[in-house]
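Enquirer: Quick one: this structure, given as structure tokens, is what I'll be asking you about.
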Amino acid sequence: MNLTVIDHPLTRHYLSVLRNKNTNSEAFRSAARGLTYTLVVEATKRVPLETYDVESPLEVTTGYRVHDVVAVAVLRAGLGMLDAVLDMIPDIKVGFAGVQRDEDTAQPQEYYAKLPDLSEASVLILEPMLATGGSLSWAADKVKSSGASNITALCVVTAPEGVRRMYEDHPDVHIVAAAHDRELNDKYYIVPGLGDMGDRLFGTL
Ligand code: URA
């Protein structure tokens, strides 16, 4: 299986704040940030480290630093996860992938892409809502065409349809999520889900 669902009390706590329809944008953004911290810890479990000499007050010992991690935020909802990633790995490069889904067909349509060279990088794709899987599959294609081979997707909520689609299109992409929900409704929203992540983050309801 290419999906890891985080089982941590803080993840559940923040996810419940996000699910609550009465949470305002300010609290929603804060909970998205808190939840993303818990995803980043799991998602970076396998990133490479380089070593260097670090001088403690007592002697020189081996230090470690995370090496060549790139975050790619899928616009616009992925922006709600970016600050947490930057807090935890401040010197990473950031790419952006702008995709919107056609309201009738739910197919992804690109409107912006700006990615650094990804050939040596461990890539974290920030795509909070894995619904049909169309946007994430498109983003994975995009980062692979910039040279990436080590790819992890960070999601807040996944639906069975999206996970299945990713397994078919990109079985090598590992997905780390806070919850795996029941289904999509007829408007392609995840149920129970949390509504439209972008609208709730940015107050455009
Ligand atoms: N995108 C969202 O923001 N929410 C969903 O439920 C599905 C896709």
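The values are calculated or read from the model by the stated rules, or taken from the named source; none is laboratory data. What you see is a predicted model, and the numbers here were worked out from it, not measured in a lab. Note: ideal-geometry Cβ built from the backbone for every residue, glycine included; neighbour counts use all protein chains shown. Side chains are part of the model used for accessible areas, which takes the heavy atoms of the whole protein and leaves out ligands, DNA and RNA. Shrake-Rupley method; radii C 1.70, N 1.55, O 1.52, S 1.80 Å.
Enquirer: Could you check region 124-158 and list, in sequence order, the residues that are of a type outside the set (S, T, N, Q) and either part of a loop (DSSP other than H, G, I, E, B) or on the phi > 0 side of the Ramachandran plot (or both)?
Expert: Taking region 124-158 as the starting set, the residues that turn out to be of a type outside the set (S, T, N, Q) are 124-131, 133-134, 136, 138-144, 147-148, 151, 153-157.
Glu127, Pro128, Ala131, Gly133, Gly147, Ala148 - these are the residues of region 124-158 that are of a type outside the set (S, T, N, Q) and either part of a loop (DSSP other than H, G, I, E, B) or on the phi > 0 side of the Ramachandran plot (or both).
Enquirer: Give region 171-199 a look and list any residue that's crowded, with 22+ Cβ neighbours inside 10 Å and either assigned to a helix (DSSP H, G or I) or modelled with pLDDT under 95 (or both), or say none.
Expert: Met197
Enquirer: Being charged (D, E, K, R), within 14 Å of the ligand (Cβ to nearest atom) and either in contact (Cβ under 8 Å) with a residue 40 or more places away in the chain or assigned to a helix (DSSP H, G or I) (or both) is true for just one of Glu161, Glu168. Which residue is that? Can you show your working first?
Expert: Working: Glu168 fails: within 14 Å of the ligand (Cβ to nearest atom).
Matching residue, one of Glu161, Glu168: Glu161.
Enquirer: Only one of (1) open to solvent by less than 80 Å² (accessible area, probe 1.4 Å); (2) assigned to a strand (DSSP E or B); (3) within 13 Å of the ligand (Cβ to nearest atom); (4) without any contact (Cβ under 8 Å) to a residue 40 or more places away in the chain is not met by Gln100, so which one is it?
Expert: Here Gln100 meets the rest and fails (1).
Enquirer: Might you check whether a residue that is crowded, with 17+ Cβ neighbours inside 10 Å, of a type in the set (Phe, Trp, Tyr) and within 16 Å of the ligand (Cβ to nearest atom) occurs anywhere in region 130-144? Before you say what the answer is, go through the steps one by one.
Expert: The first filter runs over region 130-144 and keeps only residues crowded, with 17+ Cβ neighbours inside 10 Å, leaving 130-140, 142-143.
Pick out the ones that are also of a type in the set (Phe, Trp, Tyr) and you get 138.
Next, from what is left, pick out any that are within 16 Å of the ligand (Cβ to nearest atom): 138.
Yes.
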